[in-house]
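Take a look at the structure below.
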Amino acid sequence: MLEVQRTNSAPLWQRLFLYLTLSGLAVTGSAWMIIHYATGGFSGEHRPYAMLHQLMIYHGILGYVMAIATGIFLGQHVAAGWRAGRSRATGVSVMILLGVLMSTALVLYYSGNDALRSLASLVHQILGVGVVLAIPLHVAQRIAQPTRAVRAMAADSARETNSSAV
Ligand code: HEM
Ligand code: HEM
C-alpha cells in the first residue's frame, strides 16, 4: 500500500488548538459585525451596547489565545515548512494576516484617536474574514500538493512506460 509522506505535519493537539481558537474568533467577530451593522453601526439608535461589549470580551480573550497558538506554529512548523520549500506563499500570507490583525487589535485597544481607530477597525474586520479563509486554504494546499511519494510513483511509471516503448 502506498504510504503518503507528509513533510510538515503538526501534532493533532496543535491543530485542534489552532482551529478551535480561530473558530471562536470567527464566531464572536462575525456576530459582532452582524449585530453592529444590523443596528445601524456606531451611531445606531438601538445599538445593543451590552451584547456587543460581551462579545468583545470573549473575542479579546481569544485574541490572546490566538497569539499563543501562533507562537506554537512559529517555533517549529514555519522553519521546517520553509526548509521543505512547500506552501510558502500561503504560509507567509497567513503570518502577515495574523501579524496585521494583532497590530490592529492593539490600535483598537489603545488608540485614543477616532480616525485611526476607525481605520484600524475596518482593516481588522476585512483581514479577520481574510484569515478565516486563508488558514483553511493553507491547510487544504497540503491535500492538493502531490506528496513526494506520489511524485516518485508518477516518475517510476513514466520511466517504465518510456523503457517499454524503446
Ligand atoms: C512560511 C510559513 C509557513 C510554511 C512554509 C508552511 C508550510 C506548511 C506545509 C508544507 C504544510 C503541509 C504539511 C503536510 O504536508 O502535512 C503546512 C500545513 C499546515 N500549516 Fe503551515 N506553513 C507556514 C505557516 C503556518 C502558520 C503561521 C500556521 C498557523 C498559525 C500554519 C498552520 C498550518 C496547519 C494547521 C497545517 C496543517 C497541518 C496538518 O494537517 O498536519 N502554517 N504548512
Ligand atoms: C489574530 C487574530 C485576532 C486578534 C488577536 C483579535 C483581537 C481583537 C481585539 C483585541 C479587538 C478589540 C476588542 C475590544 O474592542 O474590546 C478586536 C475587535 C474586533 N475583531 Fe478581532 N481579533 C482577531 C481576529 C479576528 C477575526 C478572525 C475576526 C472576524 C472574523 C475579527 C473581528 C473583529 C471585530 C468585528 C472587532 C470589532 C471592531 C471594532 O470594535 O471596531 N477579529 N479583535
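The values are calculated or read from the model by the stated rules, or taken from the named source; none is laboratory data. Note that the coordinates shown come from a computational prediction; the quantities given were computed from them, not determined experimentally. Glycine gets a Cβ as well: all are built from the backbone with ideal geometry, and neighbour counts include every protein chain shown. We work out accessible area using only protein heavy atoms, side chains counted, and drop any ligands, DNA or RNA first. Shrake-Rupley method; radii C 1.70, N 1.55, O 1.52, S 1.80 Å.
Remarks
- Restricting attention to the stretch 38-67, the residues that are farther than 24 Å from residue 102 by Cβ and either part of a helix (DSSP H, G or I) or in the same structural domain as residue 121 (by TED's automatic domain parsing) (or both) total 6.
- Some residue of the stretch 20-35 being within 14 Å of ligand 1 (Cβ to nearest atom), loosely packed, with under 14 Cβ neighbours inside 10 Å and without any contact (Cβ under 8 Å) to a residue 40 or more places away in the chain: yes
- Any chance residue 127 is assigned by TED's automatic domain parsing to the domain that holds residue 31 and in a helix (DSSP H, G or I): no
- Selected residue (only one of 102, 95 is more than 9 Å from ligand 2 (Cβ to nearest atom) and under 22 Å from residue 23 (Cβ atoms)): 95
- Per this entry, residue 40 is not counted among residues that are exposed (fewer than 14 other Cβ atoms within 10 Å of the Cβ), under 14 Å from the mean Cα position of the chain (by Cα), within 22 Å of residue 122 (Cβ to Cβ) and of a type outside the set (Lys, Arg).
- Selection from the stretch 37-93 of residues that are touching a residue at least 60 places away in the same chain (Cβ under 8 Å) and of a type outside the set (S, T, N, Q): 73, 77, 80, 81, 84, 86
- Number of residues in the stretch 96-121 that are open to solvent by 80 Å² or more (accessible area, probe 1.4 Å) and either within 16 Å of ligand 1 (Cβ to nearest atom) or under 18 Å from the mean Cα position of the chain (by Cα) (or both) equals 1.
- Verdict on residue 90 being within 12 Å of ligand 1 (Cβ to nearest atom) and open to solvent by less than 60 Å² (accessible area, probe 1.4 Å): yes
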